[in-house]
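Trainee: There's a structure below that I have some questions on.
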Amino acid sequence: MDKRKVIAKNRYEEIHYELLEVGEKLLNTKRLTQISLNSINEYTDISKTTIYEHFHSFEEFLSDVIKHVYKKRRQSYLEKLQDEPKENIKTIFKVWTEFTYENFTLGKNIYAAYILLAGKYNFQLMGVYEDLDMELEKLGFSNKERKEFIGKFYFSIDELIIDLENENKNIINSKINDLILYLDNY
């Protein structure tokens, strides 16, 4: 490949990554309704023309930012996984829960993005469910049991709001404790 093309490709990827990082910052600091492609200029000096070369619409930008966030968060627990499925399930839940509490606005905005833009654009499904499903399968759970398990220990944004309003983590910690007891008795 021509050296100039390699340099141009690398530069494109660097700018794209910077735009995704800015998108994550925006989703972590503003309400979704306050964000647009023009909001990117608050955190970077990348021109609007360049922004539109990377994203043809706000929906595309939002979808790519969500994929970026999930990829980073997934990597944070994948690095901690071992050969023990029960421990891996606990690790996935703990890491994901801690991330959600530490980045509540981001989580709320991603949740809102699914609701506001559903049907208009394909959004990334959370890999965390696929990873949990894989670990449960290693334990011998049937397809039905895996779905029931994930449904039983799923926590919603509403539960997080209640916990944060009460300045505690009672609901989610209770679910984590129930999960640990369930796995230990399995």
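The values are calculated or read from the model by the stated rules, or taken from the named source; none is laboratory data. Nothing here was measured: the structure is a model prediction, and the numbers come from that model. In this analysis, Cβ positions are derived from the backbone assuming ideal geometry, glycine residues included, and neighbour counts consider all displayed protein chains. Just the protein is used for accessible areas: all its heavy atoms, side chains included, with ligands, DNA and RNA removed. Shrake-Rupley method; radii C 1.70, N 1.55, O 1.52, S 1.80 Å.
Trainee: Take the residues in segment 94-118 that are in contact (Cβ under 8 Å) with a residue 40 or more places away in the chain and β-branched (Val, Ile, Thr); name whichever of them is farthest from ILE171 (Cα to Cα).
Mentor: ILE110
Trainee: Select from segment 1-53 the residues that are of a type in the set (Phe, Trp, Tyr), more than 20 Å from the chain's Cα centre (by Cα) and closer than 27 Å to TYR111 by Cα and write down the one among them that is surrounded by the most Cβ atoms within 10 Å (Cβ to Cβ).
Mentor: Quick first cut of segment 1-53, residues of a type in the set (Phe, Trp, Tyr) only: 12, 17, 43, 52.
From the residues that got through so far, the ones that are more than 20 Å from the chain's Cα centre (by Cα) too are 12, 43, 52.
Among the residues that remain, those that are also closer than 27 Å to TYR111 by Cα are: 43, 52.
Details: TYR43: 15, TYR52: 12.
The selected residue is TYR43.
Trainee: Checking the conditions here, which among ASP131, ASP158, ASP163 is in a helix (DSSP H, G or I) and open to solvent by 40 Å² or more (accessible area, probe 1.4 Å)? Break it down into steps so the answer makes sense when it comes.
Mentor: Working: ASP131 fails: open to solvent by 40 Å² or more (accessible area, probe 1.4 Å); ASP163 fails: open to solvent by 40 Å² or more (accessible area, probe 1.4 Å).
Unique residue meeting the criteria: ASP158.
Trainee: Is there any pair with a first residue in segment 171-186 that is closer than 12 Å to THR91 by Cα and a second that is at pLDDT below 80 and open to solvent by less than 50 Å² (accessible area, probe 1.4 Å) whose Cβ atoms are under 6 Å apart and which are 6 or more apart or on different chains, and what are they?
Mentor: LEU179/PHE153
Trainee: Go through LYS80, LYS86, LYS71 for me and flag whichever is assigned to a loop (DSSP other than H, G, I, E, B) and either surrounded by fewer than 18 Cβ atoms within 10 Å (Cβ to Cβ) or modelled with pLDDT under 80 (or both).
Mentor: LYS80
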